[in-house]
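I have placed the structure first, in the form of structure tokens, so that the comments after it can refer back to it.
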Amino acid sequence: MDDSLSFESFLKGARTAAQKAMDDHARGEYDEFALHGGVAFERLVKAVLVSKNPAYLVEMRNGNSDMLLYLCGDLELKADKVRTVGANEAIKRLRRMKVLPEDAQLDQLIELRNGTAHTTVGDEARILLPALAENVEALLNHLCQPLGAFWGRWTSAVKVAVDKQRDEIQRDVEIRIKQAQHLFEDRFKGLPRGAKERVLKRARPKGDLLLGPIAIKAGDAVMALIGTLPCPACAGQAQIKLTPKTASPDEDIVIPQSLRCPLCALELSTPEEIRASGLNIQGAGFSNLSMQSLTPTMELRHLDGL
């Protein structure tokens, strides 16, 4: 049998494709995530099948037994004649063996993978990371293969994706923070030692709050505050926008609305996401502010894009 159909070959191919899928997801390239994620899972499924019996890779079609004889070592075939079972049928076989559970989201990922070359997948695939992670974990456990060796640097992010102790927002934010950390690290590959530290030293807020807060007013009413805080991903200077609970100048309670880091590209766009990031807004110099004393001010027209 061709070495490319061995357990080791399928497992290695699955591992490579899975880590590419995680890189794609981190960059927001969700069509590529669907492609690489689907390829990774198909190869891992085939690794499980061949570990049980190479004959399980046979595509049952037209009653031709050539592939069965080839996989059992009793027939030679040219490389262009070698065909194995497709992803959908391979998954069905493991489900019939009770190795995999039914999972509509995994099925959707495989379908998106099959159509990636012809359609734009977009955000459809973004939410399918937990389904991929959970089903990969089920197969690795069945094979007694370590999670860390398969996912590499993405292991901690994958563990978060399947952690049912966290709610959906907490899982999503923690995964995005880990993704931003890795993308930030990637920027410094091949650069001289210490380049990252020098960039962070220049960009890191001094203390808890570096700038502002800058007040954006409409007349006497404070509409928003803009300041900077240490980024929860790279610890550089992240811009945060907050709004007062009311427009009254006597009201000092502020609510975080969005955060953006120019260094690692982390973006959090709701109060819930910012809270889930672990940022201590009230302990960062934004609490107990006197709205009357906030300076300088900006006109509302400058708020666009913040």
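Computed quantities for the displayed model
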read-out	value
Members of segment 83-104 found to be surrounded by fewer than 15 Cβ atoms within 10 Å (Cβ to Cβ) and over 14 Å from Val58 (Cα atoms), listed by number	Arg95, Arg96, Met97, Lys98, Pro101, Glu102, Ala104
Extreme residue, surrounded by the fewest Cβ atoms within 10 Å (Cβ to Cβ), among residues of segment 129-172 that are at pLDDT below 95 and part of a loop (DSSP other than H, G, I, E, B)	Gln165
Inter-residue pairs, beta-carbon under 7 Å, first of a type in the set (Asp, Glu) and in segment 48-59, second open to solvent by less than 10 Å² (accessible area, probe 1.4 Å), 6+ apart	Glu59/Val85
Residue in segment 250-257 that is open to solvent by less than 50 Å² (accessible area, probe 1.4 Å) and modelled with pLDDT of 90 or more present	no
Qualifying residue in segment 221-240 (condition: at positive phi, surrounded by fewer than 13 Cβ atoms within 10 Å (Cβ to Cβ) and modelled with pLDDT of 55 or more)	no
Test: Leu69 is at pLDDT below 90, assigned to a helix (DSSP H, G or I), over 30 Å from Ala138 (Cα atoms) and more than 33 Å from the chain's Cα centre (by Cα)	yes
Single condition Cys144 does not satisfy, out of (1) of a type in the set (A, V, I, L, M, F, W, C); (2) free of Cβ contacts under 8 Å to residues at least 24 places away in the same chain; (3) under 14 Å from His25 (Cβ atoms)	(3)
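The values are calculated or read from the model by the stated rules, or taken from the named source; none is laboratory data. Everything quoted here is computed from the prediction, not taken from an experiment. A quick note on method: Cβ atoms are made from the backbone with ideal geometry, for glycine too, and the neighbour counts reach across all protein chains shown. Side chains are part of the model used for accessible areas, which takes the heavy atoms of the whole protein and leaves out ligands, DNA and RNA. Shrake-Rupley method; radii C 1.70, N 1.55, O 1.52, S 1.80 Å.
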